[in-house]
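This structure is in structure tokens; I'll ask about it shortly.
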Amino acid sequence: MTWAAPARPVWVERLNAHGDAVGGAGHLVGLDPEELIATAMAATGLDDFGAATWRPHYDVLLAALEAESDLHVVGRMMARTEILRSLRNRLELEALWADRPEVLDQPVPAPVFVIGMARSGTSILHEILACDPAHRAPATWELLHPAHGPGDAEAWGDATHIFWHDVQPEYEAMHHNAGELPNECIFATMNEFLSDHWGGVHEVPSYTMHLVGADHTDAYRYHRRILQTLQAREPGERWLLKAPSHLATLDALFAVYPDARIVHVHRDPLKTVPSTLSLMATLKWMRCNHTDPVATAPLLAWGFGALLDGVIEGRASGRLPDAQFADIRYADLLADPIAAVAGVYDQFAWDLPPSTSQAMADYLAARPQGKHGIHRYALEDFGLDPAEERARFLPYQQHFRVPDEP
């Protein structure tokens, strides 16, 4: 058995047919880089995008979208929305910072980052930890529209993010979107056009290679400025952040946030790898006419193995500050989530009052696993051999005592 693209809703097929009828989706929805920049400036009446560190990444991304992605009409519309939103964010944030320079003088002390392989439980752990009033987790709408306060931005963020479920209903069983839920740092760094988001939802191999070889320090600097902007509007005791992609850029993360705390979730890679392949294939199918996760599966599995080995080496060598990491196993999180979370609190000497533990338990009771459907996947769907993959990840599993899952 191999992965099969899910059927598209009828309304998506009909809208995409508009592009076919005029000789291609590009005739209906343009992605010219200069036109997009001009449109963002015209829409805001602003012209300062800040330091030009973003522009090389932008140019690589836009070229890859046109040359490699084979976007259909809905996909081009979604891409155009996200590109224009990122450009608009840069313009609006530069104007805000020029008007209120004191915003960028605020400290961002000891932020907490939840990391782990994609599909390892980072999202639910992030949401559980966000129940603590001491934590300030950025909501999706804040990350999508950081220059705006509550109001229209909440509605925009909710509608555009939930739209993903409309385009491909199967996606909701994989990951539930909502404007008020905390979300990943990739939606902050995408404003620097150096973010896993772009490669995760589009077929853009040249951009992905660019991402791997780039220095991400400027992206984290911009990320920090966004946190300063959000906390000026609504402060908190400590930031609670999350993204699996931090695994690949921990050196840059600590360069910008030297006192960061890392909560690393560990799950059986033979579950996370096929789940990630299925998720990414669905995200790309939302936007692209063709995607082939079977072809990319071996490289992705190898990449995950290299990332995990790199974290082990970095912590052992002292390149990464081992004392600032707390490890939590997905199996323990499932078996007794409050006890597993309490272990993290103990390690970092955080206070966990009974009221916070109860809030976490209540949240979990209202969000049972599988509430939005069951996500089914298998290594064999992507042409991967379980024995080979088990051998690849054995050193990681032994190091962190990660159990095999049935």
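State log₁₀ I(q)/I(0) for region 57-121 at q = 0.23, 0.24 Å⁻¹ as given by the Debye formula over alpha-carbon point scatterers of equal weight, solvent excluded.
Calculated log10 I(q)/I(0) at the listed q: -0.96, -0.97.
So what J values fall out for region 342-347 if you push phi through Karplus, 6.51 cos²θ - 1.76 cosθ + 1.60 with θ = phi - 60°, rounded to Hz, Gly and Pro as x?
Working through the residues one at a time gives 4, x, 5, 4, 4, 5 Hz.
Under 5 Å between amide hydrogens, which residues at least 5 positions from Arg261 or on another chain qualify, with H placed 1.01 Å from N in the peptide plane?
The list, which skips near neighbours in sequence, is Val112, Phe113.
Once phi is turned into ³J(HN,Hα) by the Karplus curve 6.51 cos²θ - 1.76 cosθ + 1.60 with θ = phi - 60°, what whole-Hz value does each residue of region 305-317 show in order, with x for glycine and proline?
Result, rounded to whole Hz: x, 5, 4, 5, 4, x, 5, 4, 5, x, 6, 5, 7.
Hey, what's the Kirkwood Rh for region 220-323 if you take every pair of different alpha carbons, in angstrom?
Final number for the Kirkwood radius of region 220-323 is 16.3 Å.
Something else about it: From the helices alone, meaning DSSP H stretches of at least four residues, give me the mean residue ellipticity at 222 nm for the chain, per-run term -39500 (n - 2.57), in deg cm²/dmol to the nearest 500.
Calculated at 222 nm, the ellipticity per residue is -17500 deg cm²/dmol.
On to the next question. Could you give each residue of region 29-39 its phi-based ³J(HN,Hα) in whole Hz, using Karplus coefficients 6.51, -1.76, 1.60 with θ = phi - 60°, and x for Gly or Pro?
For region 29-39, the Karplus curve yields 10, x, 10, 6, x, 6, 5, 5, 4, 5, 5 Hz.
How far apart, in nanometres, would the label points at Ala339 and Asp385 be if each is projected 7 angstrom from Cα along the Cα-to-Cβ direction?
According to this spin-label approximation, the distance is 3.9 nm.
Next question, about the same structure. Whose amide H sits under 5 Å from the amide H of Cys288, counting only residues 5 or more places off or on another chain, with H placed in the peptide plane?
The list, which skips near neighbours in sequence, is His72.
Taking 8 Å as the Cα distance limit and 6 or more residues as the minimum spacing, I'd like the relative contact order of region 156-270 as a percentage.
23
Given the Cα-Cα distance of Glu35 and Ser206 and 0.36 nm per residue of separation, how much length would full extension add, in nm?
Going from the current span to full extension adds 59.3 nm.
Measuring from label point to label point, each 7 Å out along Cα→Cβ, what is the Ile312 to Glu180 span in nm?
4.3
Quick one: compute the contact order of region 13-137, relative version, from alpha carbon pairs under 8 angstrom and 6+ residues apart, as a percent.
Once normalised by length, the contact order is 29 percent.
So, R0 is 35 Å and r is the distance between the beta-carbons of Phe400 and Asn289; what FRET efficiency does that work out to, to 0.05?
Rounded to the nearest 0.05, the efficiency is 0.30.
Rounded to whole Å, give me the distance from the Cα center of region 13-78 to that of region 100-121.
29
Additional query: Work out the length of the dipole vector of region 111-255 about its Cα centre, built from +1 on the beta-carbon of each Lys and Arg and -1 on the beta-carbon of each Asp and Glu, and round it to the nearest 20 debye.
480
FRET efficiency for Asp346 and Ala159, Cβ-Cβ distance as r, R0 = 30 Å, nearest 0.05?
It comes to 0.15.
While we're on this one: How large, in percent, is the carbon and sulfur part of the accessible surface of the chain at a probe radius of 1.4 Å?
Solvent-exposed carbon and sulfur of the chain make up 56 percent of the total.
Express the accessible area of the chain per residue in Å², computed with a 1.4 Å probe while the remaining protein chains stay in the model.
For the chain, the solvent-accessible area averages 41 Å² per residue.
Would you mind calculating the relative contact order of the chain from Cα pairs under 8 angstrom and at least 6 residues apart, reporting the percent as a whole number?
With pairs under 8 Å counted, the relative contact order is 23 percent.
Related question: Sorting check: for 229-235, 72-78, which peptide has the highest mean count of neighbouring beta carbons within 10 Å, and how do the rest follow?
In decreasing order of mean packing, 229-235, 72-78 become 72-78, 229-235.
Still on this model: Based on alpha-carbon centroids, what's the gap between region 206-268 and region 383-406 in Å, whole number please?
If we compute the Cα centre of each part, the gap is 27 Å.
Output the direction-averaged projected area (hull surface divided by four) of the convex hull of the alpha-carbon atoms of region 4-97, in nm².
Mean orientational projected area (region 4-97, Cα hull): 7.5 nm².
The values are calculated or read from the model by the stated rules, or taken from the named source; none is laboratory data. All values reported here derive from a predicted model rather than from experimental measurement. Methodologically, a virtual Cβ is constructed for each residue, glycine included, from the backbone with ideal geometry; neighbour enumeration extends over all protein chains shown. Remember, those area values only see protein heavy atoms, side chains included, never the ligands or the DNA or RNA. Shrake-Rupley method; radii C 1.70, N 1.55, O 1.52, S 1.80 Å.
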